[in-house]
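Colleague: First the structure, which I've put down as structure tokens, then a few questions once you've had a look.
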Amino acid sequence: MKADTQQEQDSIRVRFAPSPTGHLHVGGARTALYNWLYARKTGGKFILRIEDTDARRSTRDSYEGILRGMSWLGLDWDEGPDKGGDYGPYVQSARGVLYHADAQKLIDEGKAYRCFCNPEELEAKKEEARLNKLDPVYDRACRDLEPGEIERRLAAGEPHVIRFRMPLEGEVRFDDIVRGRFTFSNADLDDFVLIKSDGRPTYNFAVVVDDTRMRISHVIRGDDHISNTPRQVHIYLALGYRLPKFAHLPMILGGDRTRLSKRHGAVSIDHYAEKSYLPDAMINYLALLGWSLDGKREFFERQALIENFSLKRVSKNPAVFDNDKMEHINAEHLKKMPLIRKTILAYHTLESAGCIPADFSVDLSKPVDLKLIGGTEPVEDTAAEGEKIFNEREFRRLAMILNVYGNRIKLLKDLPSMLRYLYKDDFPRDEHACHTWLKEERARERIRLLADGLEELKYFDVATVEEALRSLADRLEIDAGELIHPCRVALTGQSVSPDIFWIIVFLGRAKSVERLRAAAAPRG
RNA sequence: GGCCCCUUAGUCUAGUGGUUAGGACGCUUGGUUCUCAGCCAAGAAUCAGGGGUUCGACUCCCCUAGGGGCUACCA
């Protein structure tokens, strides 16, 4: 109860035990994360176990999807179905003998019994009970069958389940790290099923057998399992097994405060991966859903999360998943990401969208030279005819572009459409913006003058370009904005962009002049 | 219906008997500026309700209400 001894520290073993009946969703990921954080923090082991006792709903796709999701989040496990370990197998469908051995033990000791009632009858009875406003619980019809009758029906091959013989009186209690002590009255518990008629264990039974055999020290799971825990405690006790420590996590809800589900839209981790959220940001946000360090600090790198996580600071209240906050955390992580790393990620994104020119291929298997990105010196005119573009130079150009774009980038996925005009001529154009800024002949005339001015510049760096544009505006006796806005539309097709002088330099002299002239061409 | 859990702004939370109830997202306003984003500054907004206990309750107890979970041969 007090501080764990060193020996106990060493034997901390936690697990994430999803059932492969769907994608890894936000709630499951959060549960996995807390288990993982606890293991990594304490130096314990994190085990992945697949609970596929529901043969009908379990699929291979789900199994793979869950592993993929975990890997994307960077939640690595020490033992699991694909890795093995000393306490396998790690898939429940392969552990049948273990469940049967313990079930038989309970039957032998009179703590469980075979029940031959068929599901239809039971359902009918329950329905009737409901109509009479009685508790729709199993009526324990088979609790005290004569041994002879059991033998006979068994021999006849009658399908049956094995049920737990719940004590009629008394109570169970257990402690929860986040909730404190629970006491449940046995009278409120029924003779629940341990082994189904298809021979597979039910969740409540399998989880006890497995957590015990896998030496799980802390059961960290969603609080939708609180009501199941007294049943499980009964099984632990009946089998003479030692109780693990429990920590029940608050649920994650949707905007309508009901349990998060597909109805609420984006609940699959895959969705966030596809949308190019950063795994570290996802983990950071998920950690905040039900846990806080001091209510002030919210940005955590992965390692900081591990160092600061504590089950004792897990909240009791359910939390509503807030996409705005998720996006904000993602933006924070993007903001703090080293430029080189961001550039590499951006490169991949642009490449798969077909934006990057074919001859741009930085060898990312080798460390990238920091000097490539350092400094703010101007990028030379890269569009010179027939000039070979060196990889490193393009890489640096991309890095500088990202640097200038700064916080405007919310998701890497937005990059291709955002930056297309820098790589291709068929970039999207905002009709309304073109109309607003390039409709008047007078405006186009100014743009032509700007093009002329740029063409004559001796140097083509940001300062020189800016100076040229501003002095032209002075000569024309107009605000610089009168030049800048139409120029922006002409070069990027949009009415918003980062610093226009940088854009001009990134595009290069030839391309800039070409686009300005095209946009300013006199109209019939 | 029964059992169990939860309740601080729209959302995530800090808070453990005495605080101007703190932070964050979002929102509003102003500043910076070539637009946008950002950044800076300011602002609106909260202890579900009712009883107790106490000199004093957001903090402790009870009730009510609301929400959630379990009540499966789902997990």
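The values are calculated or read from the model by the stated rules, or taken from the named source; none is laboratory data. Everything quoted here is computed from the prediction, not taken from an experiment. FYI the Cβ positions are ideal-geometry reconstructions off the backbone, even for glycines, and counts take in every protein chain you see. Surface areas here come from the heavy atoms of the whole protein model, side chains and all, with no ligands, DNA or RNA. Shrake-Rupley method; radii C 1.70, N 1.55, O 1.52, S 1.80 Å.
Colleague: If packing is taken as the average count of other Cβ atoms within 10 Å, what order do A:37-50, A:417-430 fall into, highest mean first?
Modeller: In descending order of packing, they fall as A:37-50, A:417-430.
Colleague: Might you tell me the accessible area per residue for chain A, computed with a 1.4 Å probe and given in Å²?
Modeller: On a per-residue basis, 49 Å².
Colleague: Leaving out ligands, DNA and RNA, what percent of the accessible area of segment A:14-155 is carbon and sulfur, probe 1.4 Å?
Modeller: Whole-percent figure for carbon plus sulfur exposure: 50.
Colleague: While we're looking at this one, here's another question. If the chain between A:LEU411 and A:GLU467 were fully stretched, how many nm would it gain, using 0.36 nm times the residue separation less the Cα-Cα distance?
Modeller: That pair, A:LEU411 and A:GLU467, stretches by 16.8 nm at full extension.
Colleague: Taking amide H atoms as placed 1.01 Å from N in the peptide plane, list the residues 5 or more away in sequence, or in a different chain, whose amide H sits under 5 Å from that of A:PHE192.
Modeller: Here the answer is A:PHE164, since their amide H atoms fall under 5 Å of that of A:PHE192.
Colleague: On to the next question. Specify whether the C-alpha gyration tensor of segment A:95-249 places it in the rounded, prolate or oblate class, a ≥ b ≥ c being the square roots of the eigenvalues: rounded for a/c under 1.5, otherwise prolate if a/b is larger than b/c and oblate if not.
Modeller: It is oblate, given that a/c is not under 1.5 and a/b is not larger than b/c.
Colleague: Ok, one more. Applying the Karplus parametrisation 6.51 cos²θ - 1.76 cosθ + 1.60 with θ = phi - 60° to the phi angles of segment A:143-154, what ³J(HN,Hα) value in whole Hz is obtained for each residue in order, glycine and proline being reported as x?
Modeller: Calculated HN-Hα couplings, in order: 4, 10, 5, 5, x, x, 5, 4, 4, 4, 5, 5 Hz.
Colleague: For the charge dipole of chain A, defined by +1 on Lys and Arg C-beta atoms and -1 on Asp and Glu C-beta atoms about the Cα centroid, which residue among A:LEU339, A:GLY88, A:LEU491 has the Cα displaced farthest towards the positive pole?
Modeller: Going by the charge dipole, the pick is A:GLY88.
Colleague: A further question follows. Ranked from highest to lowest mean number of other Cβ atoms within 10 Å per residue, what is the order of the peptides A:394-401, A:252-259?
Modeller: A:394-401, A:252-259
Colleague: Hey, another quick one. Summing Lys, Arg as +1 and Asp, Glu as -1, what charge do residues with Cβ under 13 Å from the Cβ of A:ASN323 carry, A:ASN323 excluded?
Modeller: 0
Colleague: Can you check how the C-alpha radius of gyration of chain A compares to 2.2 N^0.38 Å, as a plain ratio?
Modeller: Cα-based Rg divided by the globular estimate yields 1.37.
Colleague: Per-residue accessible area for A:LYS511 at 1.4 Å probe radius, Å² rounded to 10?
Modeller: Number for this one is 50 Å².
Colleague: Name the shape class, rounded, prolate or oblate, that the alpha-carbon gyration tensor gives for segment A:111-192, where a ≥ b ≥ c are the square roots of its eigenvalues, rounded holds for a/c under 1.5, and otherwise prolate holds if a/b is larger than b/c and oblate otherwise.
Modeller: In terms of gyration-tensor shape, oblate.
Colleague: Once amide H atoms are placed 1.01 Å from N in the peptide plane, what residues at a sequence separation of 5 or more from A:LEU249, or on another chain, have their amide H within under 5 Å of its amide H?
Modeller: Long-range HN contacts for A:LEU249: A:ARG221, A:GLY222, A:ASP223.
Colleague: Next up: Using the Cα centre of chain A as the reference point, and only Cβ charges (+1 on K/R, -1 on D/E), how large is the resulting charge dipole? Debye, rounded to the nearest 20.
Modeller: 780 debye
Colleague: So, one more: Identify, among A:ALA32, A:VAL193, A:ALA273, the residue whose Cα sits farthest towards the positive end of the charge dipole of chain A, taking +1 on the Cβ of Lys and Arg and -1 on the Cβ of Asp and Glu, with the dipole about the Cα centre.
Modeller: Going by the Cα projections, it comes out as A:VAL193.
Colleague: Now for a different question. Rolling a 1.4 angstrom probe over the protein chains, ignoring ligands and nucleic acids, what is the accessible area of A:VAL320 in square angstrom, nearest 10?
Modeller: A:VAL320 exposes around 50 Å² with every protein chain in place.
Colleague: Now a separate question. Quick one: what are the phi-derived ³J(HN,Hα) couplings along segment A:198-215, Karplus 6.51/-1.76/1.60 with θ = phi - 60°, whole Hz, x for glycine and proline?
Modeller: In residue order, the calculated couplings are 8, x, 8, x, 7, 3, 4, 7, 4, 5, 6, 4, 5, 4, 6, 5, 8, 6 Hz.
Colleague: What cysteines in chain A have no other cysteine with a beta carbon less than 4.7 Å from their beta carbon?
Modeller: Isolated Cys, chain A: A:CYS117, A:CYS355, A:CYS434, A:CYS487.
Colleague: Which order do peptides A:22-35, A:105-118 fall in by mean Cβ count within 10 Å, highest first?
Modeller: A:22-35, A:105-118
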